[in-house]
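The values are calculated or read from the model by the stated rules, or taken from the named source; none is laboratory data. Note that this is a predicted model, so its numbers are computed, not measured. For neighbour counting, all protein chains shown are included, and Cβ atoms are generated from backbone atoms with ideal geometry for every residue, glycine included. Areas reflect the complete protein model, heavy atoms only, side chains present, ligands, DNA and RNA absent. Shrake-Rupley method; radii C 1.70, N 1.55, O 1.52, S 1.80 Å.
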Amino acid sequence: MSAIEPPVQRLWWKQPLDRAELLWIVIALVWCLILFFMMPYWHLYGKQNLANEAYRESPDEYAKKTEAMVAKYKVREEGGDLKVPVVHPPAGGDAYLIARLWSWYPILELEAGKTYRLHLMSMDYLHGFSLQPENINIEVLPGYDHVITVTPTHPGAYGIVCNEYCGIGHSTMTNKLYVVK
Ligand code: CUA
């Protein structure tokens, strides 16, 4: 039998399985099962796979919550002509971040060793939250409040870049995230 010619025996699936074929099927199945159970294992005992939740919400509602947080916890402003507020939300609380063409808003300042619920939503199209140099990557969609529970451990200034191509300004869609002691 060849891959080009039609099979000689039309009911080819009724031919007995070769031993080598069976062996490979068993090996592939066992490997699939190992990887399948490694996913929850890594989630619970490894340092991979963030615990995240997602909720449907309108971008307008989300923007209101973000503005309320900015108004309450703004500590300073940064930037040139376009000032961006730096917000220090209470430890253990909610931190909101907006993605839109082509910026992130606001700049968040978190405390090391404290746990936050970091919310992410896009106001328009698909963007990608990529925290550097930690390399945490999350898709950010409009209409979904994506919540990650995070505990930053190392103080410093981190970079946020957009890692989903979103148009002409994609490469300029960057921001900072501060972790303080
Ligand atoms: Cu936003 Cu690319």
Meets criteria (touching a strand residue (DSSP E or B) at 6+ places or on another chain (Cβ under 9 Å) and either of a type in the set (Phe, Trp, Tyr) or touching a residue at least 40 places away in the same chain (Cβ under 8 Å) (or both)) for residue 85
no
Going by the conditions given, is residue 69 modelled with pLDDT under 95 and assigned to a helix (DSSP H, G or I)?
no
In the set 98, 136, the lone residue that is among the hydrophobic types (A, V, I, L, M, F, W, C), assigned by TED's automatic domain parsing to the domain that holds residue 168 and in contact (Cβ under 8 Å) with a residue 40 or more places away in the chain is 136
Among residues of the stretch 109-135 being within 16 Å of the ligand (Cβ to nearest atom) and more than 23 Å from residue 61 (Cα to Cα), the residue least open to solvent (accessible area, probe 1.4 Å) is 130
- Query: Among the residues of the stretch 22-39, is any touching an Asp or Glu at 6+ places or on another chain (Cβ under 9 Å) and at pLDDT below 95?
  - Reply: no
Of the conditions (1) free of Cβ contacts under 8 Å to residues at least 24 places away in the same chain; (2) surrounded by 10 or more Cβ atoms within 10 Å (Cβ to Cβ), the single one that residue 47 does not satisfy is (2)
